[in-house]
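Here's the structure we're looking at; comments come further down.
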Amino acid sequence: MTDPFALTFAALFGALIGSFLNVCIHRLPRGASIVWPASACPGCRRELSWYENVPIFSYAFLGGRCRTCKMAISMRYPLIEALTAAMFAAGWWYYGPGPLLASRLIFGCALIVLFAIDLEHHLLPNVITLPGTVIGFMFSFVNPPGWKDALIGILVGGGGLFLIAEGYYRIRHEEGLGMGDVKMLAMVGAFLGWQLTLLTLMLASFAGTIIGVGMIATGRGTMKYALPFGTFLAIGAAVASAVGQGMLDWYLRFW
Ligand SMILES: [Zn+2]
């Protein structure tokens with residue numbers, strides 16, 4: 001699947017999807033519709049013309065500012081578009097066309113949106129995690145790890161994290177993990193199965209600890225105000241999805 005024409009097409013298509021993900025990231029936490037109205041500048045409210053909506057290029061062409069009010073456009077827009085373009089090209093190259101590619105790309109898009117919204121708003125919208133769990137489970141009938149592992153994944157991911165959240169609340173009398181994290185890990189379970197879900201949780205906790213300790217050490221904040229856990233779950237799930245099976249195979253060789 002290394003035909004350069006197909007790879008370029010996958011990247012361009014990914015950039016367009018990334019542009020739509022930016023709309024979701026901006027509008028979902030604000031409770032706004034993702035299909036209407038057309039994109040406008042948040043500064044001057046002027047509706048954007050087609051050449052201001054071209055993924056990645058518009059940002060460069062406009063110098064990162066609105067054409068009329070000169071308000072700075074968030075770096076998030078070109079970054080998400082470039083990341084999604086790279087994901088689509090890499091997915092096409094790695095999986096080739098088929099249901100597994102479709103499933104992993106949908107999963108990846110959900111993770112990108114959840115990561116960005118949780119980072120900014122400390123929120124993991126149900127409108128992503130709940131349909132995501134259903135879609136992941138449906139794909140598991142034709143994709144690895146199969147529906148049984150996916151079903152156990154939903155129960156282990158959602159149930160396990162729910163118990164951890166409850167336990168933390170009982171002991172510390174404050175909320176460490178939200179129900180959004182619980183539903184997000186259930187979605188990871190549906191797409192990846194229970195083994196890679198446990199790996200996701202381990203990777204997320206590990207990354208969270210490293211960055212939390214780093215923030216305390218550099219005096220940028222306490223553990224309590226470290227980044228939201230959903231951002232780490234997204235990173236952990238992305239790593240588990242891409243190289244997790246290899247990591248598990250390598251680890252199990254020692255048993
Ligand atoms: Zn403007």
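The values are calculated or read from the model by the stated rules, or taken from the named source; none is laboratory data. Computed from a predicted model, the values in this text were never measured in an experiment. No Cβ is skipped: glycine too gets one built from the backbone with ideal geometry, and neighbour counts run over all protein chains shown.
Yes/no matrix, rows are residues, columns are (1) closer than 17 Å to L124 by Cβ; (2) in contact with a helix residue (DSSP H, G or I) (Cβ under 9 Å, 6 or more places away or on another chain); (3) exposed (fewer than 14 other Cβ atoms within 10 Å of the Cβ):
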position: A165; (1), (2), (3): yes, yes, no
position: G180; (1), (2), (3): yes, yes, no
position: A186; (1), (2), (3): yes, yes, no
position: L196; (1), (2), (3): no, yes, no
position: M202; (1), (2), (3): no, yes, yes
position: M215; (1), (2), (3): no, yes, no
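Highlighted here are the helices (runs of 4 or more DSSP H) found entirely within segment 136-255 that include at least 3 residues which are in contact (Cβ under 8 Å) with a residue 60 or more places away in the chain and closer than 19 Å to I112 by Cβ: 179-217, 229-252.
Yes/no per residue for (1) charged (D, E, K, R); (2) under 14 Å from P78 (Cβ atoms):
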| site | (1), (2) |
| --- | --- |
| F13 | no, no |
| L16 | no, yes |
| G31 | no, no |
| P42 | no, no |
| R46 | yes, no |
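Within segment 9-37, can you find the residues that are small (G, A, S) and either under 17 Å from the mean Cα position of the chain (by Cα) or within 14 Å of the ligand (Cβ to nearest atom) (or both)? Residues satisfying the conditions are G14, A15, G18, S19. The sole residue among C69, C24 that is surrounded by 17 or more Cβ atoms within 10 Å (Cβ to Cβ) and of a type outside the set (K, R) is C24.
Residues in segment 223-253 that are modelled with pLDDT under 90 and among the hydroxyl-bearing types (S, T, Y): Y225, Y251. Restricting A40, A82 to residues that are more than 19 Å from V127 (Cα to Cα), small (G, A, S) and within 16 Å of the ligand (Cβ to nearest atom) narrows the list to A40. Would a scan of segment 103-113 turn up a residue that is at pLDDT 95 or above and within 16 Å of the ligand (Cβ to nearest atom)? No, segment 103-113 contains no residue that is at pLDDT 95 or above and within 16 Å of the ligand (Cβ to nearest atom). Does segment 69-78 contain any residue that is at pLDDT 95 or above, within 16 Å of the ligand (Cβ to nearest atom) and within 16 Å of G14 (Cα to Cα)? So far as segment 69-78 goes, yes, one or more of its residues are at pLDDT 95 or above, within 16 Å of the ligand (Cβ to nearest atom) and within 16 Å of G14 (Cα to Cα). Residues that are closer than 29 Å to F5 by Cβ, among the charged types (D, E, K, R), buried (at least 17 other Cβ atoms within 10 Å of the Cβ) and within 16 Å of the ligand (Cβ to nearest atom) do occur in segment 48-60. No other residue among G159, G96 is more than 19 Å from the chain's Cα centre (by Cα), closer than 25 Å to A11 by Cα and small (G, A, S) apart from G96.
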